[in-house]
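Visitor: Got a structure for you, written out below as structure tokens; questions coming shortly.
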Amino acid sequence: FIPPEMSVEAAWQWAIDHEAPAYLVGTRDRLAGLVTRRQLEDGRTSEGAGRPVSALVDPAFVHVHPDHALDVVLERLSESDGVLPVVSRTESRRVEGIVTRDTILLAREPRIARDPRRSGAPQAHDPS
């Protein structure tokens, strides 16, 4: 999370050490929105570098709730900037998790590893 009061320049410097396509701005209990690397880079103009990063945030952001089906999650992830917040259904600014393309792949990895058809191991053939 990037604190909303952090300057755009300081947020850019922080982002350099934390490679991601987008970042959550706010706190776990109060998400202000998201900001992309591109927005941070573009916001570093001489007049914009000192302003708070919250000035770059669009408060209407793509998100999901914990009870959304996988197809909804995948659709919304494709609409996002690569970082999809999972927020409480009752407290819409409270973050309960984050979905990225990598987390989707990691979640699938154990299932793939348990499926012998996908493990790369030779399969026994039943000649009957």
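The values are calculated or read from the model by the stated rules, or taken from the named source; none is laboratory data. Every value quoted in this text rests on a predicted model; they were computed, and no experiment measured them. All Cβ positions, glycine included, derive from the backbone under ideal geometry; neighbour counts span all protein chains shown. Areas reflect the complete protein model, heavy atoms only, side chains present, ligands, DNA and RNA absent. Shrake-Rupley method; radii C 1.70, N 1.55, O 1.52, S 1.80 Å.
Visitor: Looking only at the stretch 81-100, which residues are assigned to a loop (DSSP other than H, G, I, E, B) and within 12 Å of the chain's Cα centre (by Cα)?
Guide: 81, 82, 83, 100
Visitor: Tell me, which residue of the stretch 4-26 that is free of Cβ contacts under 8 Å to residues at least 40 places away in the same chain and not in a helix (DSSP H, G or I) is nearest to residue 65 (Cα to Cα)?
Guide: 25
Visitor: Got a number for residues in the stretch 28-49 being touching a helix residue (DSSP H, G or I) at 6+ places or on another chain (Cβ under 7 Å) and in a loop (DSSP other than H, G, I, E, B)?
Guide: Qualifying residue count, the stretch 28-49: 4.
Visitor: Within the stretch 66-78, identify whether any single residue is open to solvent by less than 60 Å² (accessible area, probe 1.4 Å), in contact with a strand residue (DSSP E or B) (Cβ under 6 Å, 6 or more places away or on another chain) and either of a type in the set (Gly, Ala, Ser) or touching a residue at least 60 places away in the same chain (Cβ under 8 Å) (or both), and answer yes or no.
Guide: No: the stretch 66-78 contains no residue that is open to solvent by less than 60 Å² (accessible area, probe 1.4 Å), in contact with a strand residue (DSSP E or B) (Cβ under 6 Å, 6 or more places away or on another chain) and either of a type in the set (Gly, Ala, Ser) or touching a residue at least 60 places away in the same chain (Cβ under 8 Å) (or both).
Visitor: Condition first: part of a loop (DSSP other than H, G, I, E, B) and at pLDDT 90 or above. Can you find one or more residues in the stretch 104-127 that meet it?
Guide: no
Visitor: Here is a further query. Which of the following residues is in contact (Cβ under 8 Å) with a residue 24 or more places away in the chain and of a type outside the set (A, V, I, L, M, F, W, C): 45, 36?
Guide: 36
Visitor: Identify, please: which residue in the stretch 1-59 is under 19 Å from residue 95 (Cβ atoms) and aromatic (Phe, Trp, Tyr) and is, among those, least open to solvent (accessible area, probe 1.4 Å)?
Guide: 23
Visitor: What are the residues in the stretch 80-108 that are farther than 14 Å from residue 62 by Cα and not charged (D, E, K, R), if any?
Guide: 90, 103, 104, 105, 106, 107
Visitor: Restrict the check to the stretch 86-93 and report whether at least one residue is open to solvent by less than 60 Å² (accessible area, probe 1.4 Å), under 15 Å from residue 22 (Cα atoms), modelled with pLDDT of 95 or more and aliphatic (A, V, I, L, M).
Guide: Yes, the stretch 86-93 has at least one match.
Visitor: Can you name every residue in the stretch 50-80 that is of a type in the set (Lys, Arg) and part of a loop (DSSP other than H, G, I, E, B)?
Guide: Selection gives 51 alone.
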